[in-house]
Structure formats: C-alpha cells, structure tokens
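Laboratory data are not the source of any read-out in this text; all were calculated from the coordinates shown. It should be emphasised that the depicted structure is a prediction, and the values quoted were computed from it without experimental measurement. Here the Cβ positions follow ideal geometry from the backbone for every residue, glycine too, while neighbour counts run over all protein chains shown.
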Amino acid sequence: MLKDQGFEAAVAAVFGQLAEGIPLNDVIAFLRAEGFNQIDSIRVLMHAAGLNLAEAKQAIDMSPAWQDQQEANEALRRDLWEAARAMSDIADPDLPHHGPSTGHKSG
C-alpha cells in the first residue's frame with residue numbers, strides 16, 4: 001500500500017495524479033482506499049496540490065469518499081466545542097462563548 005511507502009511517496013503519487021488531470025475527488029478516494037485517514041489526506045493534499053489547511057480540510061469534508069464520516073465528524077466537533085465551553089466556564093464564567101457554527105455568543 002502507498003501509505004506504507006511514506007509521506008513523500010504519497011505526495012509524489014498525488015502530485016502525479018493531479019498533473020495528469022485526475023479530479024480531486026478521485027484523488028481523495030484513492031488516498032482513502034490506500035489507507036490514509038482524513039488528517040493524513042489533508043496533509044498530503046496541502047503538499048501535493050498546494051492547498052492551504054482550510055482548503056484541504058474542506059476538500060476532504062466535502063468529498064464523496066468521506067461522506068460516511070461527515071455526521072460523526074460534526075458530532076465530534078460539537079462535543080469538543082461543548083467540552084471547551086465547559087472548561088472555559090470553570091476557568092472564567094465571564095468569558096464569551098464561541099462555537100463552530102453559531103459564532104460569538106455572550107455568556
């Protein structure tokens with residue numbers, strides 16, 4: 001598997017696929033089939049496609065190859081925001097609250 005060959009090999013393979021005109025969603029599906037998780041796929045896309053972190057993350061999040069994980073990812077993000085909010089309430093209940101989709105809310 002490509003994943004076993006290391007990060008540089010993955011970047012080279014993806015760079016080559018993109019240079020051949022293979023669509024980004026197909027490249028993402030290839031990475032998943034080769035055993036790359038979402039975080040590793042983001043890293044490879046950043047280096048091979050020249051995407052910044054937000055662009056690479058969005059490409060993975062919106063990719064049909066990872067749609068089966070979208071609901072679980074959103075639930076995890078909500079749980080992490082709630083945990084961070086609870087921790088900030090303990091540390092300083094007067095701090096403003098921030099959430100991934102709700103923006104700023106006053107405490």
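Spin-label model, Q67 to E55: label points 7 Å out along the Cα-to-beta-carbon direction sit 2.5 nm apart. A simple spin-label model places the labels of E74 and D4 3.7 nm from each other, with each point 7 Å out along Cα-to-Cβ. Full extension of the chain between A19 and W81 gives 18.5 nm of extra length, using 0.36 nm per residue less the Cα-Cα distance. Dipole magnitude for the stretch 2-67: about 120 debye, using +1 per Lys or Arg Cβ and -1 per Asp or Glu Cβ, origin at the Cα centre. For the stretch 2-67, the equivalent ellipsoid derived from the alpha-carbon gyration tensor has semi-axes of 15, 13, 12 Å in decreasing order. Ranked by the mean number of other Cβ atoms within 10 Å per residue, highest first, peptides 26-36, 78-88 order as 26-36, 78-88.
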